[in-house]
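Contents: one structure, followed by commentary.
What follows is calculated from the coordinates using simple rules that are stated; it is not laboratory data. Note that the structure is a prediction, hence the values are computed from the model and not measured. Cβ coordinates were reconstructed from backbone atoms using ideal geometry, including for glycine residues, and neighbour counts include every protein chain displayed.
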Ligand code: G3P
């Protein structure tokens, strides 16, 4: 899978979020490869009508009086949720509870891990995916596949086969994706490489090509 995180980039909000979602959906259809997106909360509803969409975070709370929180039961129209992104870290007990609640709502779960030890810990919750992203490489030009291939190899051992493995941070090219897949990842988690690309369509296409046949 290619999972594209829109974060809070201006290049990927509102109409631009919709535009990127349409491009990604078309490429996913043409290639028969799974492409999904993680837009800002405000754009979730509209984007989810175009492509498989994940919420960037949820708190493990039941419906009720929780001003400012977003909860699994409210995003149950989506494909899934992302938890514990390094830009939105969570307590381990909250990750465990949120995974459980998301599963009960029929949502897929992507738990982020900043290293192999955390990947090992969160894999015990059996999410759909564990996404390993070394924080120091996020938003940079050197990919996890190039700078930290050993992390991918080690993560494969602790995450699979119960969950699938995504890797991310600095992924920008077809080669980065090919290398990640060659090392055992099931896909990549990408943000700036797509949302800040000069040619978003071409970039998504290349990244999808990197996933292989
Ligand atoms: O969620 C994916 C992300 O943290 C990777 O960011 O900009 O390095 O692709 P980026």
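Quick notes on this structure:
- Every residue from segment 21-34 that is crowded, with 16+ Cβ neighbours inside 10 Å and under 19 Å from residue 81 (Cα atoms): 21, 24, 25
- Selected residue (only one of 139, 184, 212, 168 is surrounded by fewer than 20 Cβ atoms within 10 Å (Cβ to Cβ), touching a helix residue (DSSP H, G or I) at 6+ places or on another chain (Cβ under 7 Å) and under 18 Å from residue 56 (Cβ atoms)): 139
- Residues that are out of contact with any helix residue (DSSP H, G or I) (no Cβ under 7 Å at 6 or more places or on another chain), more than 22 Å from residue 88 (Cα to Cα) and not in a helix (DSSP H, G or I), drawn from segment 2-49: 32, 49
- Qualifying positions in segment 115-132 - within 15 Å of the ligand (Cβ to nearest atom) and surrounded by fewer than 20 Cβ atoms within 10 Å (Cβ to Cβ): 115
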